[in-house]
1. What are the residues in region 66-93 that are surrounded by fewer than 17 Cβ atoms within 10 Å (Cβ to Cβ) and either farther than 25 Å from residue 112 by Cα or modelled with pLDDT of 90 or more (or both), if any?
2. Of the residues 149, 130, which single one is out of contact with any Phe, Trp or Tyr (no Cβ under 9 Å at 6 or more places or on another chain), hydrophobic (A, V, I, L, M, F, W, C) and part of a helix (DSSP H, G or I)?
3. Give the residues of region 136-158 that are crowded, with 17+ Cβ neighbours inside 10 Å and within 16 Å of residue 248 (Cα to Cα), sorted by residue number.
4. Look at residue 86 and say whether it is outside any helix (DSSP H, G or I) and out of contact with any Lys or Arg (no Cβ under 7 Å at 6 or more places or on another chain).
5. Residues being surrounded by fewer than 15 Cβ atoms within 10 Å (Cβ to Cβ) and of a type outside the set (A, V, I, L, M, F, W, C): count how many of those fall in region 257-280.
6. With (1) on the phi > 0 side of the Ramachandran plot; (2) assigned to a helix (DSSP H, G or I) as the list, and residue 38 as the residue in question, which single condition is left unmet?
7. Scanning region 41-51 for residues that are in a helix (DSSP H, G or I) and free of Cβ contacts under 8 Å to residues at least 12 places away in the same chain, which turns out surrounded by the most Cβ atoms within 10 Å (Cβ to Cβ)?
Amino acid sequence: MSIEARQEHDLASAAAERPALPAARAPVRRTRLQSAWRALRRAPLSAWFGLIVIAGYVFVALFAPLLAPYGESEVVGNQYELWSDQFVFGTDQLGRDMLSRLIYGARNTIGIAFLTTALAFFIGGMLGLLAAVLGRWVDQILSRIVDVLMAIPLLIFALVLLSITGPSVVNLIFIIAVLDSTRVFRLTRAVAMNVVVMDFVEAARLQGESLLWVMTREVLPNILPPLVAEFGLRFCFVFLTISALSFLGLGIQPPTADWGSMVRENATLITYGDITPLLPAGAIALLTVAVNFVVDWFLHKASGLKDGQ
């Protein structure tokens, strides 16, 4: 046998004796729904608690007419009746069922707070992106206007404006949204300034893409995680601000059910040892804590940090 033939024979024998390597597995592609469920399964108990509480509040708000035993403004008994089988949480100063008012209050308070927060993010987010993308004198003018508005405490400013314009729901939403959009503007501008200097943004500009395209397709998708987390925090602040204004008499006006005004209307019961006014206050506090739990978990996920093993 020649040397070449012997070498080929030895190589073939070695290959036959070598154990076969396992075939490489193709990467598993998950849908967005599967990825979201996988993330939820790994979420801490605090996040699960927050999600369950928020889902419960949303369910009550959506199906308030079906869940409430009485109408929102229906007088069904005497003033300040005690807790009983007929009136689970008693009645208020006009004889309206407190449980029904609490249920309808979820729809009114949460719904108005969500609309206000969404409008604040639309105004502040668009102006913040505009300031970051255009820069120069546009950035200077918008930033100085925001500095002036932020120099005045939000609650005091809202009280003055509502006293002038009148405490209607439309005025309440618009005034708080404009005042709260200043905080959204500052955050959006800060995170967008780090993105507008990237090469892909400059390439989009050189290709002749419009300003709206650059803002919504190039910059916005890269700053969404902090904005989504800020939306949850802003919702809590707006929610508490509306409740505070209602407690002071310039928020959601009667006979519309609102948790802040319900605390004010029934506060006198505290002097008699009745905890009924604490029920709407507890509803406000529970939702605030739940939203903060979810926001904390989302910030942890968006930061890329991993739990210690």
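The values are calculated or read from the model by the stated rules, or taken from the named source; none is laboratory data. Source: prediction; values computed, not measured. Backbone-built Cβ (ideal geometry, glycine too); neighbour counts: all protein chains shown.
1. Result: 66, 67, 69, 76, 78, 79, 82, 83, 84, 85, 86, 88.
2. Values: 149 fails: out of contact with any Phe, Trp or Tyr (no Cβ under 9 Å at 6 or more places or on another chain).
That would be 130, the only listed residue that is out of contact with any Phe, Trp or Tyr (no Cβ under 9 Å at 6 or more places or on another chain), hydrophobic (A, V, I, L, M, F, W, C) and part of a helix (DSSP H, G or I).
3. Of everything in region 136-158, those that are crowded, with 17+ Cβ neighbours inside 10 Å and within 16 Å of residue 248 (Cα to Cα) turn out to be 154, 157, 158.
4. Details: outside any helix (DSSP H, G or I): yes; out of contact with any Lys or Arg (no Cβ under 7 Å at 6 or more places or on another chain): yes.
The answer is yes for residue 86.
5. Number satisfying all stated conditions: 4.
6. The single condition residue 38 does not satisfy is (1).
7. Taking the candidates together, the pick is 48.
Okay, residues lined up against (1) modelled with pLDDT of 85 or more; (2) out of contact with any Lys or Arg (no Cβ under 9 Å at 6 or more places or on another chain):
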residue	(1), (2)
234	yes, no
239	yes, yes
257	yes, no
263	yes, yes
268	no, yes
273	no, yes
276	yes, yes
280	yes, no
